[in-house]
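Novice: Okay, here's the structure, questions in a sec.
The values are calculated or read from the model by the stated rules, or taken from the named source; none is laboratory data. Keep in mind the model is a prediction, meaning the values are calculated, not measured. With ideal geometry, Cβ positions are generated from the backbone for all residues, glycine too; neighbour counts draw on all protein chains shown. Heavy atoms of the whole protein, side chains included, go into the accessibility calculation; ligands, DNA and RNA do not. Shrake-Rupley method; radii C 1.70, N 1.55, O 1.52, S 1.80 Å.
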Amino acid sequence: CNGGCAALWPPMMATATADSYSAASGATVYAGRSSGIPAWLAGVPLNKLIEIPNTRLAGSAGAPGEDYTDPFCASNRSIRAYSGVAFRHDLSELWLAAVGGHADSSDNSVRSIRLDADAPAWQMRHVQSAEEDKVMNAPYYLDGLPSSRHVYWSAHWCEPRNRIMLHGSRYCWGATTFVDSNGFNPDTNAWDAAGTWSDAAATAMCAERVSGNVWAASQQGHLYKWTASTDTWALTATFDSSFPCYPPMAYDSLRDQLFTLAVGDGEATGSAVSCYRITANGTTRTNITIASSAAYTAWQAAAGAYASMEYDPINDRFIWYAAMNSGDSFYVITPNSGTTWDMSTISLASGSVTPTAIGNSGLMSKLRYTPNLKGFMLMTNSTGNLYFLPTAQL
């Protein structure tokens, strides 16, 4: 981002309606799981972090002709440019859409890969705009397609709308931020026309998986909700602007609440801990204290920025991960009805791999809970394989 990207982050947040994920007690599991266990996952024990074979993007059909030995290849520059991913839960499908932006990449292509296949393979869903159509500092290129941008946490699958949604256009190719939101139809492999979707109220941070509703938060303390069924944004609360709700943010489907946990502003500025539970459909915020522990001490010392956090509904916990350094821990935050919560780390099983660090460009939402496969997928670059961490028995 060449500095300065943290200053302008816009807000977001997920809706408070219960979804159909299973709770720790073992209730209903999210519908849509394809039958059988993918070949690459068969026999993998719980908490063993593995590479998913042959899932490298660079040089695949999703990025043909690229040299995967070159860390500066085009796809690696784009996905590591302060950009997260969208994840389609019913098909266990990872999506990269218009990632890049600023001075990093003008590539607005769309790519996807289904993880429920025995041999997952990248697909090019829409090629990037022609070079002569690309213009800097604009929300759309001359061909009418959305510009490449720093996606941050703002890409989400919206099941009711059958769209990959990008809420807002932050740091488009060039350096300018716009409020334009974009939708991509996976059935037709086409972008919706400019102006189809309402402008983003702030940087989107998390979504409810079933309703498709999204939450966003601003540095001014505003919290907003996007209702998918009506394509409308609403301000739900204005909190103390001295302590906004910083990213990452996740939606707890068991309790119908949001949780946000960051060091500083979540984007590499400041050192104070920001830790809140948000309830009552985004109107009430409660400070949460993390109990003293070795894990919490290590988490504060690591001070990871641009992190991912996802709710694990089966084990009723949040997983927080930054991947800024090789060997970073997966931190576990266990919610309860009180205001003091525990933090621990996942003890990875023997034989686990060590993910490649993402570095200062940030992980954002490239750690995603995968309900059909009952674990977490992870992407840190395009030149190596995707990772997977199974956290419950299939």
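Novice: Considering each residue of the range 326-370, count those that are within 27 Å of ALA97 (Cβ to Cβ) and not in a loop (DSSP other than H, G, I, E, B), and give that number.
Specialist: 7
Novice: Ok, one more. Exactly one of these conditions fails for ASP312: (1) charged (D, E, K, R); (2) within 24 Å of THR370 (Cα to Cα); (3) open to solvent by 40 Å² or more (accessible area, probe 1.4 Å). Give me its number.
Specialist: (3) is the only condition that ASP312 fails.
Novice: Residue check: is ALA207 modelled with pLDDT of 95 or more, surrounded by 19 or more Cβ atoms within 10 Å (Cβ to Cβ), closer than 23 Å to TYR140 by Cα and in contact with a strand residue (DSSP E or B) (Cβ under 7 Å, 6 or more places away or on another chain)?
Specialist: Details: modelled with pLDDT of 95 or more: yes; surrounded by 19 or more Cβ atoms within 10 Å (Cβ to Cβ): yes; closer than 23 Å to TYR140 by Cα: no; in contact with a strand residue (DSSP E or B) (Cβ under 7 Å, 6 or more places away or on another chain): yes.
Spelling it out, it is not the case that ALA207 is modelled with pLDDT of 95 or more, surrounded by 19 or more Cβ atoms within 10 Å (Cβ to Cβ), closer than 23 Å to TYR140 by Cα and in contact with a strand residue (DSSP E or B) (Cβ under 7 Å, 6 or more places away or on another chain).
Novice: If you don't mind, there's one more thing I want to ask. Hey, can you tell me all the residues within the range 307-355 that are out of contact with any Ser or Thr (no Cβ under 8 Å at 6 or more places or on another chain) and modelled with pLDDT under 95?
Specialist: MET324, ASN325, ASP328
Novice: Taking the range 238-263, which residues are free of Cβ contacts under 8 Å to residues at least 60 places away in the same chain and open to solvent by 10 Å² or more (accessible area, probe 1.4 Å)?
Specialist: THR238, PHE239, ASP240, SER241, SER242, PHE243, TYR246, VAL263
Novice: Go through (1) touching a Leu at 6+ places or on another chain (Cβ under 9 Å); (2) without any contact (Cβ under 8 Å) to a residue 40 or more places away in the chain; (3) of a type in the set (Gly, Ala, Ser) for ALA349 and report which single condition fails.
Specialist: Failed condition: (2).
Novice: Same structure again: Taking the range 233-259 only, how many residues are touching a Lys or Arg at 6+ places or on another chain (Cβ under 9 Å) and not aliphatic (A, V, I, L, M)? Show your work before the answer.
Specialist: Quick first cut of the range 233-259, residues touching a Lys or Arg at 6+ places or on another chain (Cβ under 9 Å) only: 233-237, 239-240, 245, 251-253, 255, 257-259.
Among the residues that remain, those that are also not aliphatic (A, V, I, L, M) are: 233, 236, 239-240, 245, 251-253, 255, 257, 259.
So the answer is 11.
Novice: Out of all the residues in the range 69-115, which are in contact with a helix residue (DSSP H, G or I) (Cβ under 6 Å, 6 or more places away or on another chain) and open to solvent by 40 Å² or more (accessible area, probe 1.4 Å)?
Specialist: Across the range 69-115, the qualifying residues are ARG80, ASP104.
Novice: Can you find even one residue in the range 50-68 that is loosely packed, with under 15 Cβ neighbours inside 10 Å, modelled with pLDDT of 95 or more, within 23 Å of the chain's Cα centre (by Cα) and more than 29 Å from CYS172 (Cα to Cα)?
Specialist: For the range 50-68, residues loosely packed, with under 15 Cβ neighbours inside 10 Å, modelled with pLDDT of 95 or more, within 23 Å of the chain's Cα centre (by Cα) and more than 29 Å from CYS172 (Cα to Cα): present.
Novice: For the range 183-202, how many residues meet the condition of being over 13 Å from PRO139 (Cβ atoms), open to solvent by 60 Å² or more (accessible area, probe 1.4 Å) and aliphatic (A, V, I, L, M)?
Specialist: Of the residues in the range 183-202, 0 are over 13 Å from PRO139 (Cβ atoms), open to solvent by 60 Å² or more (accessible area, probe 1.4 Å) and aliphatic (A, V, I, L, M).
Novice: If I go through the range 371-394 residue by residue, how many of them are assigned to a strand (DSSP E or B) and within 12 Å of the chain's Cα centre (by Cα)?
Specialist: Going through the range 371-394 one residue at a time, the tally reaches 3.
Novice: Can you say whether ASP328 is under 26 Å from PRO71 (Cβ atoms), of a type in the set (Asp, Glu) and in contact (Cβ under 8 Å) with a residue 12 or more places away in the chain, as far as the supplied structure shows? Reasoning before the result, please.
Specialist: Details: under 26 Å from PRO71 (Cβ atoms): yes; of a type in the set (Asp, Glu): yes; in contact (Cβ under 8 Å) with a residue 12 or more places away in the chain: yes.
Yes.
Novice: Being more than 22 Å from ASN360 (Cβ to Cβ) and in contact with a Pro (Cβ under 9 Å, 6 or more places away or on another chain), is that true of even one residue in the range 68-89?
Specialist: yes
Novice: Also, I was wondering about something else. Looking at TRP320 and the list (1) surrounded by fewer than 16 Cβ atoms within 10 Å (Cβ to Cβ); (2) of a type outside the set (S, T, N, Q); (3) within 15 Å of the chain's Cα centre (by Cα), which single condition is not satisfied?
Specialist: TRP320 satisfies all of (1) surrounded by fewer than 16 Cβ atoms within 10 Å (Cβ to Cβ); (2) of a type outside the set (S, T, N, Q); (3) within 15 Å of the chain's Cα centre (by Cα) except (1).
Novice: Now a separate question. Out of curiosity, is GLY304 open to solvent by 40 Å² or more (accessible area, probe 1.4 Å), part of a loop (DSSP other than H, G, I, E, B) and modelled with pLDDT under 95?
Specialist: Numbers: open to solvent by 40 Å² or more (accessible area, probe 1.4 Å): no; part of a loop (DSSP other than H, G, I, E, B): yes; modelled with pLDDT under 95: yes.
When the stated conditions are applied, GLY304 does not pass them.
Novice: Of all the strands (runs of 3 or more DSSP E) wholly in the range 182-278, which have at least 3 residues that are out of contact with any Leu (no Cβ under 9 Å at 6 or more places or on another chain) and of a type in the set (A, V, I, L, M, F, W, C)?
Specialist: On the way: elements: 182-185, 204-207, 214-217, 222-227, 232-238, 249-252, 257-263.
The strands (runs of 3 or more DSSP E) meeting that bar are 257-263.
Novice: Can you tell me which residue within the range 347-372, out of those that are β-branched (Val, Ile, Thr) and open to solvent by 20 Å² or more (accessible area, probe 1.4 Å), is farthest from ILE79 (Cα to Cα)? Walk me through it before giving the result.
Specialist: Just the residues of the range 347-372 that are β-branched (Val, Ile, Thr), to begin with: 353-354, 356, 358, 370.
From what is left, the residues that are open to solvent by 20 Å² or more (accessible area, probe 1.4 Å) are 353-354, 356.
Values: VAL353: 21, THR354: 20, THR356: 14 Å.
Among those that are β-branched (Val, Ile, Thr) and open to solvent by 20 Å² or more (accessible area, probe 1.4 Å), it is VAL353.
Novice: Mind checking which residues of the range 99-128 are part of a loop (DSSP other than H, G, I, E, B) and under 15 Å from PHE184 (Cα atoms)?
Specialist: Going residue by residue through the range 99-128, those that are part of a loop (DSSP other than H, G, I, E, B) are 100, 103-104, 106-109, 115-121, 127-128.
Once the filter is applied, which keeps residues that are part of a loop (DSSP other than H, G, I, E, B) and under 15 Å from PHE184 (Cα atoms), the range 99-128 yields ASN108, SER109, VAL127, GLN128.
Novice: Hey, another quick one. Could you list, ordered by first residue, the pairs with Cβ atoms under 6 Å in which the first is in the range 277-298 and more than 12 Å from GLY338 (Cα to Cα) and open to solvent by 40 Å² or more (accessible area, probe 1.4 Å) and the second is assigned to a strand (DSSP E or B) and aromatic (Phe, Trp, Tyr), at least 6 apart or interchain?
Specialist: ARG285/TYR276
Novice: When you scan the range 120-144, how many residues do you find that are crowded, with 18+ Cβ neighbours inside 10 Å and touching a helix residue (DSSP H, G or I) at 6+ places or on another chain (Cβ under 8 Å)?
Specialist: Summing the residues that are crowded, with 18+ Cβ neighbours inside 10 Å and touching a helix residue (DSSP H, G or I) at 6+ places or on another chain (Cβ under 8 Å) in the range 120-144 gives 2.
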